[in-house]
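The values are calculated or read from the model by the stated rules, or taken from the named source; none is laboratory data. As the structure is a computational prediction, the values presented were derived from the model and not from experiment. Here Cβ is always computed from backbone atoms with ideal geometry, including for glycine, and neighbour counts include all displayed protein chains.
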Amino acid sequence: MPARQNERVTLPEPDAVAAKRAFRTELLARRRAVPVAERAGADAALLAHLLAELARRGVTTVAAYVPVGAEPGAPGLPDALRSAGFTVLLPVLEPDGALDWARYTGELADGPRGLREPVGPRLGQAAVTGAETVLVPAVAVDRRGVRLGRGGGSYDRALTRLAPGVSATALLYDGELVDVLPAEPHDRRVDAVVTPAGVRSLPWPAPAGTARTATTSTG
């Protein structure tokens with residue numbers, strides 16, 4: 001993702017809101033422009049790194065999600081996790097934007113906003129605390145762990161429930177881990193990202209003397 005020098009790290013509202021909206025629009029358009037075959041190859045590499053990392057850490061229960069559209073991991077993410085032997089919790093979007101959870105048993109149903117949701121019994125919003133790793137969707141993440149999501153705030157609320165030591169991990173395509181994103185006080189940071197190139201723990205210090213930010217400019 002192109003970047004340019006900029007000394008601002010956290011933008012005050014409404015600047016942060018407007019900047020997020022602009023970055024989100026451009027980044028999602030870039031994802032959609034990637035050829036299907038190329039995206040499938042990237043998803044396969046990302047999943048291989050993810051499954052290896054979860055196994056290395058001895059994880060047994062994962063809170064995940066069903067990627068939609070051009071989101072990293074592809075819609076087969078829950079099946080890949082379940083086939084690898086993990087207990088998988090998937091979110092159920094409630095009317096107020098909060099996330100309930102249900103165990104994934106291999107069956108999904110249509111949910112609100114074009115989402116796919118598990119059909120099993122609802123376990124409550126606190127069920128996410130039973131996962132050792134929580135996978136979260138993201139449009140981009142910066143070196144500090146600041147996550148740019150879809151703007152609904154559902155995952156920011158869910159991540160406030162996590163106990164210390166539970167990893168919040170975002171799935172990204174190459175080029176979506178950037179130096180700096182605009183941030184707001186309510187934004188919850190992630191601890192790691194998985195991309196087709198591998199796993200990166202966060203925060204990830206920037207090279208000395210740099211203060212770069214994501215930008216929608218190509219100049």
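Per the listing Val136, Val194, the residue uniquely touching a Leu at 6+ places or on another chain (Cβ under 6 Å) and assigned to a strand (DSSP E or B) is Val194. Take the residues of region 96-126 that are assigned to a loop (DSSP other than H, G, I, E, B), over 26 Å from Ala163 (Cβ atoms) and of a type in the set (Gly, Ala, Ser): which is farthest from the chain's Cα centre (by Cα)? Within region 96-126, the match that is farthest from the chain's Cα centre (by Cα) is Gly106.
When Val119, Val136 are checked against the criterion of being buried (at least 21 other Cβ atoms within 10 Å of the Cβ) and at pLDDT 90 or above, Val136 stands alone in meeting it. What is the one condition in (1) under 16 Å from Pro72 (Cβ atoms); (2) touching a residue at least 24 places away in the same chain (Cβ under 8 Å); (3) not acidic (Asp, Glu) that Gly149 does not satisfy? In the conditions (1) under 16 Å from Pro72 (Cβ atoms); (2) touching a residue at least 24 places away in the same chain (Cβ under 8 Å); (3) not acidic (Asp, Glu), Gly149 misses (2) alone.
Kindly indicate whether Val88 is β-branched (Val, Ile, Thr), closer than 23 Å to Ala163 by Cβ and touching a Phe, Trp or Tyr at 6+ places or on another chain (Cβ under 6 Å). Considered against the rule, which asks whether it is β-branched (Val, Ile, Thr), closer than 23 Å to Ala163 by Cβ and touching a Phe, Trp or Tyr at 6+ places or on another chain (Cβ under 6 Å), Val88 comes out as yes.
Conditions tested, residue by residue: (1) aromatic (Phe, Trp, Tyr); (2) crowded, with 17+ Cβ neighbours inside 10 Å; (3) modelled with pLDDT under 95.
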position: Glu38; (1), (2), (3): no, no, no
position: Leu47; (1), (2), (3): no, yes, no
position: Val62; (1), (2), (3): no, yes, no
position: Pro72; (1), (2), (3): no, yes, no
position: Leu89; (1), (2), (3): no, yes, no
position: Gly97; (1), (2), (3): no, no, yes
position: Thr105; (1), (2), (3): no, no, no
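I'm trying to understand the selection: among the residues of region 62-87, which are more than 24 Å from Ala140 (Cα to Cα) and touching a Leu at 6+ places or on another chain (Cβ under 7 Å)? Ala84, Phe86 - these are the residues of region 62-87 that are more than 24 Å from Ala140 (Cα to Cα) and touching a Leu at 6+ places or on another chain (Cβ under 7 Å). Which ones in region 96-123 are under 19 Å from Gly153 (Cβ atoms) and in contact (Cβ under 8 Å) with a residue 12 or more places away in the chain? Listed by number, the residues that qualify are Gly97, Ala98, Leu99, Asp100, Trp101, Gly111, Pro112, Arg113, Gly114, Leu115, Glu117.
Select from region 118-133 the residues that are touching a Ser or Thr at 6+ places or on another chain (Cβ under 8 Å) and polar (S, T, N, Q) and list them in ascending order. Thr133 - this is the single residue of region 118-133 that is touching a Ser or Thr at 6+ places or on another chain (Cβ under 8 Å) and polar (S, T, N, Q).
Residues that are touching a helix residue (DSSP H, G or I) at 6+ places or on another chain (Cβ under 7 Å) and assigned to a loop (DSSP other than H, G, I, E, B) within region 63-73 comprise Ala64, Val66, Pro67, Val68, Ala70, Pro72, Gly73, listed in sequence order. Among the residues making up region 173-200, those that are under 25 Å from Ala127 (Cα atoms) and within 14 Å of the chain's Cα centre (by Cα) are Asp187, Arg188, Arg189, Val190, Asp191, Ala192, Val193, Val194. Inclusion of Arg150 among residues that are under 19 Å from Arg39 (Cβ atoms), modelled with pLDDT under 95 and of a type in the set (Lys, Arg) is warranted. Taken over region 186-199, the residue count meeting the criterion of being surrounded by 17 or more Cβ atoms within 10 Å (Cβ to Cβ) and farther than 25 Å from Arg157 by Cβ is 2. Selection over region 74-87 of residues that are assigned to a strand (DSSP E or B) and crowded, with 21+ Cβ neighbours inside 10 Å gives a count of 0. For Pro164, the requirement of being modelled with pLDDT under 90 and more than 19 Å from Gln125 (Cα to Cα) is not met.
Could you tell me whether Arg161 is under 16 Å from Lys20 (Cβ atoms) and not hydroxyl-bearing (Ser, Thr, Tyr)? In short, no.
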